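The values are calculated or read from the model by the stated rules, or taken from the named source; none is laboratory data. Model, not experiment: these values are computed from the prediction. Cβ sites come from the backbone with ideal geometry, for glycine too, and all protein chains shown count toward neighbours. Please note that ligands, DNA and RNA were not included when accessible areas were found on the heavy atoms of the full protein model with its side chains. Shrake-Rupley method; radii C 1.70, N 1.55, O 1.52, S 1.80 Å.
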Amino acid sequence: MDENQTSTKPRRHFIVQCFSGITALTLTPKLFGQVSKSILQRYHSQPWLELSKEAYLYNAAQISKMAGDKPVMAVLKNNAYGLGDVQVAKMLNGSRHIMGVAVVKDGRAIAIREGGVTKPILLMGDFDEANARQLVDYGIVLSVFSQASFEKIQALSALVQKRIQLALYIDTGLGRMGIPYAETMSIAKSISKNDKLEIVQTFSTLTTPKDFANEQIQRFNQIIQKLEEQNISYGAKHLAPSYSLLDIPDSHQDVVRPGILVHGSFPLMKMEQAKKHPLKVPFRLKAMVIRLERLKPGDTIGFSRFYKVEKDEWIATLPVGWADGYDSGAENGAKVLLGDKLYPVVNINASHTNVSLGSETDIQVGDVATLIGPDQPEITPEGFAKLIDGNNYLQINYKESIPKKTYETF
Ligand SMILES: *Cc1c(COP(=O)(O)O)cnc(C)c1O
């Protein structure tokens with residue numbers, strides 16, 4: 001989504017709703033201007049995400065340092081865990097620590113290239129034949145992950161002028177995706193016989209148990225050795241998602257391949273590493289207060305009447321809920337930043353979140369809340385997870401439709 005939509009689209013929508021009873025003629029440009037400068041200008045009917053380029057570039061540099069100065073291939077699958085794959089890829093494009101980006105869906109690889117990203121883009125999943133020529137035109141690195149996928153790319157190579165850049169995707173034991181390692185050599189030999197195909201990367205994915213991950217590394221290294229013996233070029237080697245990157249230096253190979261670390265979060269169980277290699281939370285999830293009411297003792301909030309009001313209490317409503325990707329566990333102790341104060345979340349449903357402001361408040365409709373961000377320890381993904389006793393990894397899972405706005409720095 002274009003960042004410009006953040007401010008203009010919701011506003012226009014709101015204007016249309018507001019003035020649907022007035023004829024277009026009565027809404028002179030002058031009147032329109034006055035109205036839009038007041039409340040309409042500030043009105044956001046949906047949550048939004050703010051992303052900091054400075055923080056993303058900082059994280060890329062830190063991750064490279066963690067990996068002994070190896071370059072980083074940023075995994076931006078699942079729309080960069082909901083934070084915006086095109087936006088994040090564009091911000092990272094200028095980093096000398098970033099070798100490229102990786103995604104799983106063909107359409108996303110195309111969107112990232114069309115967004116202006118010039119670094120290598122690795123497609124770790126399959127592609128639709130309708131997108132095949134465009135992927136080749138755009139120089140997207142296609143994964144060979146099975147005999148069938150090799151045959152598909154082999155057939156494609158006869159239809160295009162350009163050489164196709166490939167990644168040899170080997171399954172060393174994750175059992176999910178990739179050429180079973182014992183079958184790798186025969187496929188690699190077939191690839192090497194076709195001049196239109198060029199292996200530019202060779203990769204696999206490690207599991208988390210260390211002893212098995214070490215065995216996977218051995219299997220991988222053996223294949224590399226055989227490729228070398230056969231004079232088959234294998235390009236840049238990579239194995240390490242965030243967890244292995246932090247756990248096993250041998251996993252670093254030529255390039256590391258983290259996802260969650262790029263967004264400033266450590267995989268669970270590796271959070272102690274945060275002290276040694278601090279990362280920045282490079283985003284904020286924000287929403288505006290759209291309703292403010294003083295509830296009375298005996299009143300309740302939510303379908304299940306989850307929250308019971310015991311004394312007069314101001315309750316703010318934010319237009320963001322679990323359907324947007326804000327964790328539904330928030331009502332079990334999460335806090336939200338409004339101004340410079342933290343307030344408890346008392347109810348969350350699909351589209352709305354309620355925050356208790358206490359018996360007196362200066363907060364007004366139109367004030368902006370930060371639900372997740374770097375500003376206070378309680379609202380970072382880790383801090384949020386601690387408060388609700390949840391998992392920080394799943395916490396980042398925002399819906400694609402949330403508008404994103406990128407900033408040079410926060
Ligand atoms: C998701 C994924 C990664 C990144 O995982 P994180 O735990 O987010 O670092 C790396 N490689 C592959 C193949 C993946 O699917």
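A few points about this structure:
- Long-range neighbours under 9 Å by Cβ, at least six apart or interchain, first residue farther than 9 Å from residue 239 by Cβ and open to solvent by 20 Å² or more (accessible area, probe 1.4 Å) within the range 202-216, second more than 15 Å from the ligand (Cβ to nearest atom) and among the charged types (D, E, K, R): 214/250
- Single residue of the range 254-265 satisfying the filter (part of a loop (DSSP other than H, G, I, E, B) and surrounded by fewer than 23 Cβ atoms within 10 Å (Cβ to Cβ)) that is nearest to the ligand (Cβ to nearest atom): 259
- Boolean, residue 337 is at pLDDT 95 or above, assigned to a strand (DSSP E or B) and over 31 Å from the mean Cα position of the chain (by Cα): no
- Condition broken by residue 172, with the remaining ones in (1) open to solvent by 10 Å² or more (accessible area, probe 1.4 Å); (2) in contact (Cβ under 8 Å) with a residue 24 or more places away in the chain; (3) within 16 Å of the ligand (Cβ to nearest atom); (4) closer than 22 Å to residue 126 by Cα satisfied: (1)
- Selection status of residue 338, open to solvent by 30 Å² or more (accessible area, probe 1.4 Å), touching a residue at least 12 places away in the same chain (Cβ under 8 Å) and of a type outside the set (Ser, Thr, Tyr): no
- Where residue 217 falls short, out of the listed (1) within 28 Å of the chain's Cα centre (by Cα); (2) modelled with pLDDT of 95 or more; (3) under 18 Å from residue 125 (Cα atoms): (3)
- When residues of the range 67-99 are limited to those that are more than 13 Å from the ligand (Cβ to nearest atom) and at positive phi, the one least open to solvent (accessible area, probe 1.4 Å): 84
- Being at pLDDT below 95, closer than 16 Å to residue 354 by Cβ, among the small types (Gly, Ala, Ser) and open to solvent by less than 20 Å² (accessible area, probe 1.4 Å) is a condition met by no residue of the range 309-316.
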